[in-house]
1. Carbon and sulfur atoms: what percent of the 1.4 Å accessible area of the range D:7-105 do they account for?
2. What residues of the range B:65-102 lie in the reach of a label at B:THR31, counting those whose backbone N is under 18 Å from a point 7 Å from the Cα along Cα→Cβ?
3. For chain B, what % of the accessible area comes from carbon and sulfur atoms, probe 1.4 Å?
4. Per residue of B:75-84, count partner chain C-beta atoms within 10 Å of its C-beta, then hand back the mean as an integer.
5. Can you list the residues in the range F:166-182 whose accessible area drops by at least 30 Å² when all protein chains are present, compared with the chain alone? Use a 1.4 Å probe, heavy atoms only.
6. Quick check: Cα centre of the range B:1-60 to Cα centre of the range E:256-325, how many Å?
7. On a 29 Å Cα-Cα criterion, which of the cross-link pairs B:LYS5/B:LYS27; B:LYS5/E:LYS41; D:LYS41/F:LYS54; A:LYS70/C:LYS5 come out too long?
8. Take the solvent-accessible surface of the protein heavy atoms, probe 1.4 Å, and return the percent of it on the range F:283-325 that carbon and sulfur atoms account for.
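The values are calculated or read from the model by the stated rules, or taken from the named source; none is laboratory data. Treat the numbers as computed from the prediction; the structure is a model and nothing was measured. Virtual Cβ from ideal backbone geometry, glycine too; neighbours counted across all protein chains shown. These accessible areas exclude ligands, DNA and RNA; they are computed on the full protein's heavy atoms, side chains included. Shrake-Rupley method; radii C 1.70, N 1.55, O 1.52, S 1.80 Å.
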Amino acid sequence: MQTHKAKRVEIIIEAPMESRLTQALEKAGVTGFSVLPVLGGSGRSGRWTREGQVGRSGMVAVVCLVRPEKLDGLLEAAFTVVERHIGVIGVTDAEVLRAERF
Amino acid sequence: MQTHKAKRVEIIIEAPMESRLTQALEKAGVTGFSVLPVLGGSGRSGRWTREGQVGRSGMVAVVCLVRPEKLDGLLEAAFTVVERHIGVIGVTDAEVLRAERF
Amino acid sequence: MQTHKAKRVEIIIEAPMESRLTQALEKAGVTGFSVLPVLGGSGRSGRWTREGQVGRSGMVAVVCLVRPEKLDGLLEAAFTVVERHIGVIGVTDAEVLRAERF
Amino acid sequence: MQDILSLAGANLLTPMILCFALGLFAALARSELTIPEAVAKGMSIYLLFAIGFKGGVAVADHGLDARLVAALVAGVVLSFVIPFVAFGLLKAMTRLSATDAAAVAAHYGSISIVTFVTGTSVVQAAGLSSEGYMVAVAAAMEAPAIISALYLASRSGGRAEKMDADLWREILLNGSIVLLVGSFLIGLVTGQPGMARIEAFIVAPFQGVLCLFLLDMGLVAGRGMRGAKGVMTPGVLAFGLVMPVVGAAFGLAAGMALGLSTGGVALMMVLAGSASYIAVPAAMRVALPDANPSVYLTLSLGVTFPFNLVIGIPAWVAVATAMGG
Amino acid sequence: MQDILSLAGANLLTPMILCFALGLFAALARSELTIPEAVAKGMSIYLLFAIGFKGGVAVADHGLDARLVAALVAGVVLSFVIPFVAFGLLKAMTRLSATDAAAVAAHYGSISIVTFVTGTSVVQAAGLSSEGYMVAVAAAMEAPAIISALYLASRSGGRAEKMDADLWREILLNGSIVLLVGSFLIGLVTGQPGMARIEAFIVAPFQGVLCLFLLDMGLVAGRGMRGAKGVMTPGVLAFGLVMPVVGAAFGLAAGMALGLSTGGVALMMVLAGSASYIAVPAAMRVALPDANPSVYLTLSLGVTFPFNLVIGIPAWVAVATAMGG
Amino acid sequence: MQDILSLAGANLLTPMILCFALGLFAALARSELTIPEAVAKGMSIYLLFAIGFKGGVAVADHGLDARLVAALVAGVVLSFVIPFVAFGLLKAMTRLSATDAAAVAAHYGSISIVTFVTGTSVVQAAGLSSEGYMVAVAAAMEAPAIISALYLASRSGGRAEKMDADLWREILLNGSIVLLVGSFLIGLVTGQPGMARIEAFIVAPFQGVLCLFLLDMGLVAGRGMRGAKGVMTPGVLAFGLVMPVVGAAFGLAAGMALGLSTGGVALMMVLAGSASYIAVPAAMRVALPDANPSVYLTLSLGVTFPFNLVIGIPAWVAVATAMGG
Ligand SMILES: Nc1ncnc2c1ncn2[C@@H]1O[C@H](COP(=O)(O)O)[C@@H](O)[C@H]1O
Ligand SMILES: Nc1ncnc2c1ncn2[C@@H]1O[C@H](COP(=O)(O)O)[C@@H](O)[C@H]1O
Ligand SMILES: Nc1ncnc2c1ncn2[C@@H]1O[C@H](COP(=O)(O)O)[C@@H](O)[C@H]1O
Ligand code: NA
Ligand code: NA
Ligand code: NA
């Protein structure tokens, strides 16, 4: 099928920062994203798990598919939010159907 | 280690359509897939979240690793289901171990 | 923005094996990973779902972003654990910000 | 009128209504208060199971009423008919597309089980009794409206999905119908001895669980409102306030014709006047994907549900009492 | 026989059994009714905590019975021995590979705590009392069978995982053992004053929660059956019906030899005749990954569990009564 | 002293404390026992709702006490002031950076609602009564400490986030404040008639739910301890044991000055001596991201929380009784 080049950006960020990140993405003109739960993980700040937690703890994964030309704006917006915070940003090349949606 | 070329397809689709999509994938000869939860997101139809929801609402992410030659069949099958529905399909190049499994 | 080459490894593995896998990753010098829930799926061993389950059943997805040079060590460590078990390993090319973290 | 107002006033100050209001407030004020999806689903399973079981035990106690079948048939007919009325009203009052109007109509032909549950406790608090099989009627009213709506949509040129076996099964065996009918039958079979075993679980804590569930409904409704400012034109809003009254009038006629008890008539009004927001939305996503979900969700959960909770239920109880007295 | 049938009949029409049947029906009819994983886990934590605590309080009330240690030892021995019997039967009755047979055997040597919990309420409903420490016996019987199974698998050339420290810890400190033993000890230490504080939580609603939990078990079992038509040969199926009787016979012998009360003997039969489907499956995935999970899950949850619920438990209670009388 | 010890001893052997100990043990022994996140959040919503509602009903019963406003003001002042004291102590006792010290200080100025809830049941078990509005005081004490901490951090050159509208809203309308204040108001408005409707849900099972919740707290605290061996220097540890005593002394002074009842004074000590581990950590992640979460989480949940549970609460009750008697 006819596909179009895109970028898949995956941002793993602390749950309390989620709303700030998604607001920044919206401001940067990102038209769509999905938030996936993360159960636990490990990094420089040690091992963590969501099990039994009561507060707004842990991390979430925000996944965006965007046109390549929007990538830089997105990364800058995301980076401003993530900069001082715990988190990871990964970008992969992707292809999408229905390019008009992105 | 010895790896083999594959495609990673990620389909974000409304939860009530999940069983129809996975049936279509199976018919298209896709031998394996995993369904991941999505907590919320944003798109042309606005912002949504799963929090506090009671019905079969929201979206799920269906992830398939397939041999490159199976990609087109998969995309066609998936597209038939997703076509009129809210949803996103993204494809990335991947490599897998144990090619005989795909 | 300035990005750096990396690999994104996604390992879908049975939940009871999660701790063994993450220990193996840590031994292999992987400095970070995230564990995402999987709701259900299908493969050679049939269809499964997490709904209503009580035991430590089902699968989880372990996602790692690593420097390319660490990939082989990671795959070997992961493969030793996954080898005899139900599970899938997929690798994609990625790019990351803040390379010093990986 | 006096009575209605005082009943409404008394109803307003129950913990249930105030919990709903608290949820609404929290969502509109953008508090991060949320109830986990699994907990909300767990509470709804509890409520469905408890209300179904209690209905079954009540029928076991009083013997099978000859009117049971008539009431079920009446419920099915109402659920088939009301969408046509709703569709007509929507065409007259709003500019919604035929597909959107059909989808909304499906919701109003079907029922809201939480409105029914709240209605039951208001009926009880008013010292009225009602037929135990009303929960079976509720279950019977869930699905027919969907079929009417698909007919309406395709008649108007909308692209409704074909009713294949999967869709039929999803509609007729949806979770709440199965749980409601199943627990009704279990209550019917086990009767008082069964009740004695699980009474402490399904009777005593019931209203407390309902409070927390309504808190969640308030949160969900409030978040929906915040996101749906665009679609709520005055006409659409007016429909959401008028339609429950129209539906309840149908319910009143049916209840009187059937010769139900005063409480039963009130509950028939509650059912006919309520709008689904759990089962029907999922069915619409599958069967009428072009319909805009924020229209029907906001209307049924954000407008009609609170209207019924605060004004509708006490009003229907008062009307049924006046007609019955 | 008459008695067994009437007990079985009475048991069949309890809300618990009917809830399980409802779940089975819903899953087999492919209804989308589901109970969220978190809610199911929450209910199982509640049931384990409540049953453990009540057992501990019962022991605190009656003083430490001299037979407690003997019963624990008997439980451990049964759990070690029964897998060998099961393995022999499987080799005789089925064509399962040695690895699969060993994995199945582990499940039948271990116990199902929900079967035990249901057994406790049938015993109570029959007006019998039982030793409070039977929950401790249940906990003691969870793990030994796993070790027998690994021995059986490696003796037959299967590739069992080495028993490293991690595996030992996972088996001996698995969630249900820790919760059961922990709450038993808490009940033992706090006794009636502790019970007075939390009675309204762990006693009154217990059977109601059990109903919803069995509904979930029915759903899970039904979904498992749908997916496992291939593996259920007549021989495997027959094993799933014969083995609980064999296990219960061992339990009867042990219970009589120990001189337990009538209720205690019945519960010993329930334990020995039941098959694990929570703790052991997870252990098998780690330790015997080549064994096919759908064989052991379908057998223990889809065949033996319903058999015990409907026929086994009332039969064992009747047998224990007959032997004790 | 004798009294404190015997109260502490009696408190130690309640199911609540033993459940916490069981959770700690399970986590430290690396058992895989866990309570799902959704269930833990559900229980915390239940506890907040129940305690708030009961407080409101108590105020409705006794009439609005003139001291209510004074107590609220006192709570706010304590919450503002205690962080400065804590910060000073941390600077003297530990080598934490200014940012880390400020973050820790925020936790100790704020309160732990579970400590408060446990305190309430110890106060009740001791036969003391207390002002119903103490839950409102608890809510009032949640947030001010955060502002003090941000001031402390930026004064010391730390990079605290600017207090924009979003941050204010997150802090002032965080879930537990909204739920606590909301259910307090609902209890106040509906009074005894409201209570009669939901008493079986929020009163009788309360202590049982608290047990399971403390089991979860034990699990979380234990896992935190295992991961935080590095940060727990003797100085930091000593602070976690000294600070609750200092805070409680402030609470004692405030309670006496206000002329609260004996139970009220004890609860004021409990509040002032407790440290937040739910609301404040999330706020710190947003506002002071450079602070190390494992320091403040381990201190408040791993050191001060158990200290208060086992020693603090019974001691404060004994002190309040001695001062009041
Ligand atoms: N390389 C990585 N790949 C995937 N997830 C990561 C990686 N590094 C960090 N994370 C996630 O981000 C969290 C915080 O990372 P850190 O800031 O390094 O402690 C970790 O606990 C993981 O959940
Ligand atoms: N570009 C995107 N990247 C990731 N997820 C998306 C994207 N667009 C849409 N989605 C997801 O799909 C849902 C529906 O999208 P839409 O049909 O555009 O409203 C959104 O709420 C997101 O969860
Ligand atoms: N090709 C695939 N793509 C994504 N997930 C897969 C794939 N194959 C297997 N899985 C996941 O791994 C589980 C076990 O696979 P299997 O060992 O083939 O039964 C499946 O149930 C899926 O959740
Ligand atoms: Na209706
Ligand atoms: Na057994
Ligand atoms: Na404090």
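1. 70 percent
2. B:65-75, B:94-102
3. Working: 1930 of 3800 Å².
Using a 1.4 Å probe with all protein chains present, chain B comes out at 51 percent carbon and sulfur.
4. Working: counts 5, 1, 0, 2, 3, 0, 0, 3, 3, 5.
Other-chain Cβ atoms within 10 Å of each residue's Cβ, averaged: 2.
5. By number: F:ASP166, F:ARG169, F:GLU170, F:LEU173, F:GLY175, F:VAL178, F:LEU179.
6. Answer, in whole Å: 39.
7. On the way: B:LYS5/B:LYS27 23 Å; B:LYS5/E:LYS41 40 Å; D:LYS41/F:LYS54 26 Å; A:LYS70/C:LYS5 19 Å.
With Cα atoms farther than 29 Å apart: B:LYS5/E:LYS41.
8. Values: 780 of 1070 Å².
For the range F:283-325, the apolar C and S fraction of the accessible surface comes to 73 percent.
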